[in-house]
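So the structure is just underneath, and the comments pick up after that.
The values are calculated or read from the model by the stated rules, or taken from the named source; none is laboratory data. Bear in mind that the values here come from a model prediction, so they are computed numbers and not experimental data. We place every Cβ from the backbone using ideal geometry, glycine too, and count neighbours over all the protein chains shown.
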Amino acid sequence: MILSLSYLHFILNWKIVSEKILIAASGTGGHIFPALAVAQQLTEVNIEWLGVPDRLETKLVPDCYLLHTIAVGGFQKGLSLNSLKTLFRLITSIFKVQKLLKQRQIKLVFTTGGYIAGPTILAAKLAGIPVILHESNFIPGKVTRFFAPFCNFVALGFQGTARYLRGAKTTFVSTPVRSQFLTPQPLDLPIPDDVPLIVVVGGSQGAVALNDCVRRSVQNWLDVGAYVVHLTGEKDADNQTLPHPHYFALPFYDNMAGLFQRADLAISRSGSGSLTELAITKTPAILIPYPFAAEDHQSYNAKVFADVGGAIVYQQSQLTPEILNEQVLTLIKNPVQLTEMSEKMGSLAVIDSAKIIANLLRKNL
């Protein structure tokens, strides 16, 4: 009897471990980091990854998961030779992914949207494999809106997004964050505990206009005793033009969890990933939506956080160094207001989003 139970336990465990999930997430941290957070929850499942050559996933994924790549991109407006090439790559990619799904014996596909989601969802549909899609933005992208009805479920980063995806099965889960954001992280920068810290982040690519606006204001913040960590992005040529012992201009910084946990105020774009991290760490924010984001989705993201009182939003076209300077000084001189904003920011946090999605994937295996 004991032998039989042990054998049954072995068979059940073997079945779980032998199941394979393909994660299709590519391009930016906003697509890749939530997918990695979900993958970290699926330790009992064999995970493989689908990406695009020369994108961020080629740096982040291979150390953790087997990475496959396909060449796929977005369509340009109008009919052109490039559009025809993109269409050909899309059709070719569908059959490549379908072949991959069969060869690797994939049982489920999870994707976080973007260009790679289209051919992956269609290939899975043709192969009869279930698909779970996560849409992190309030306004879903064109790929999500078109392909959502082909998915078994669409997991939403914002509650109000369901109205844009009629015909799809949706469930609100928020957006997963990396596990580091859920536990205290030490900050390895020489910043005292008793000074206000302002963190400036323009997204994974940096933000030239935001960087310029900050640099023209930052001296006033330093003069009143604040410390500033300014993540400029790697393409910012002026990141060393303002030497000051309390001003840290860095192209990037690995420990974003520790930085947001310590920050008294963030100045940030409003990509869904950054907003979720700010909510988890209860960091008050001044948000400047990226003005060229598809369908202005960053403005819609930011509005959700402004409506609850956790953030103040300025459109880039309206923001001047004078306005930014005055707003920052007003906030850092008013710790009671920052505390209130912190609590309101935290009210939008869903701590166990990655676990919720992981359980959704398990149920569909």
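Evaluating T183 against the criteria (1) surrounded by fewer than 22 Cβ atoms within 10 Å (Cβ to Cβ); (2) closer than 23 Å to E326 by Cα; (3) not acidic (D, E) leaves one unmet condition, (2). All of V224, V201, V208 fail the test of being at pLDDT below 95, surrounded by fewer than 23 Cβ atoms within 10 Å (Cβ to Cβ) and among the hydrophobic types (A, V, I, L, M, F, W, C), apart from V208. Summed over region 159-168, the residues that are hydrophobic (A, V, I, L, M, F, W, C) and either in a helix (DSSP H, G or I) or within 18 Å of P34 (Cα to Cα) (or both) give a count of 1.
Note on region 236-275: among residues that are among the charged types (D, E, K, R) and out of contact with any Asp or Glu (no Cβ under 9 Å at 6 or more places or on another chain), the one that is surrounded by the most Cβ atoms within 10 Å (Cβ to Cβ) is R269.
Within the option set T171, T175, being touching a residue at least 60 places away in the same chain (Cβ under 8 Å), within 30 Å of F110 (Cα to Cα) and buried (at least 22 other Cβ atoms within 10 Å of the Cβ) holds for one residue only, T175. Of the strands (runs of 3 or more DSSP E) entirely within region 214-309, those holding at least 2 residues that are more than 19 Å from Q337 (Cα to Cα) and of a type in the set (A, V, I, L, M) occupy 227-231, 247-250. Among the residues making up region 37-53, a single one is among the hydrophobic types (A, V, I, L, M, F, W, C) and more than 24 Å from Q103 (Cβ to Cβ): A37.
Among what's in region 18-63 and is more than 16 Å from the chain's Cα centre (by Cα) and of a type in the set (A, V, I, L, M, F, W, C), pick the residue that is farthest from R178 (Cα to Cα). The residue in question is V52. Kindly establish whether R216 is surrounded by fewer than 20 Cβ atoms within 10 Å (Cβ to Cβ), in contact (Cβ under 8 Å) with a residue 40 or more places away in the chain and not β-branched (V, I, T). Yes; evaluated as a whole, the condition is true for this residue.
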